[in-house]
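Asker: First the structure, which I've put down as structure tokens, then a few questions once you've had a look.
The values are calculated or read from the model by the stated rules, or taken from the named source; none is laboratory data. For clarity, every value in this text was computed on a predicted model and none was experimentally measured. A quick note on method: Cβ atoms are made from the backbone with ideal geometry, for glycine too, and the neighbour counts reach across all protein chains shown.
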Amino acid sequence: MSIAVESGEYGRVVELARTVRPEALRASIRHQSYWLDLGRALAHSGRSDREAEVAFIRAERAAPGPFVLNPLARDAVVTLMRRAQRRSVSTNLGTLARRFGIEVHV
């Protein structure tokens, strides 16, 4: 999934995600990687910002420290925030953004 998301193959990431059972992954960092890759693909494809947001929340829950320090996660949250500025920022997205130090205008 990581290679596909880095290559911009966002649809492929979603396909691959369907074949993986994240609960079967033992290491919390693997859970975080799964959800982060899926969230990034959804965020960058523009397919479903809400699903991307949920994936990022799951990634953060799996490994909070590494998640909030990850520049790729931060960039994806910024992408979601920019799109959300045109609408309204959800509570969950606003919370994620603040954890990255991103200013949230309500």
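Asker: Based on this model, can you work out whether Arg74 counts as part of a helix (DSSP H, G or I) and over 20 Å from Ser45 (Cβ atoms)?
Answerer: no
Asker: Same structure again: Can you pull out every residue in the range 27-51 that is of a type in the set (S, T, N, Q) and out of contact with any helix residue (DSSP H, G or I) (no Cβ under 6 Å at 6 or more places or on another chain)?
Answerer: Matches in the range 27-51: Ser33 only.
Asker: Would you tally the residues in the range 65-80 being surrounded by 21 or more Cβ atoms within 10 Å (Cβ to Cβ) and either closer than 15 Å to Tyr34 by Cα or not β-branched (Val, Ile, Thr) (or both)?
Answerer: Selection size over the range 65-80: 4.
Asker: Also, quick follow-up: Please state which one of Ala41, Ala62, Ala52 is surrounded by 18 or more Cβ atoms within 10 Å (Cβ to Cβ), farther than 12 Å from Leu80 by Cα and small (Gly, Ala, Ser).
Answerer: Matching residue, one of Ala41, Ala62, Ala52: Ala62.
Asker: Additional query: Counting only residues that are closer than 17 Å to Ala17 by Cβ and either touching a strand residue (DSSP E or B) at 6+ places or on another chain (Cβ under 9 Å) or aromatic (Phe, Trp, Tyr) (or both), how many does the range 46-81 have?
Answerer: Qualifying residue count, the range 46-81: 1.
Asker: Starting from residues that are more than 8 Å from the chain's Cα centre (by Cα) and among the basic types (Lys, Arg), keep the ones in the range 31-74 and report whichever is modelled with the lowest pLDDT.
Answerer: Arg47
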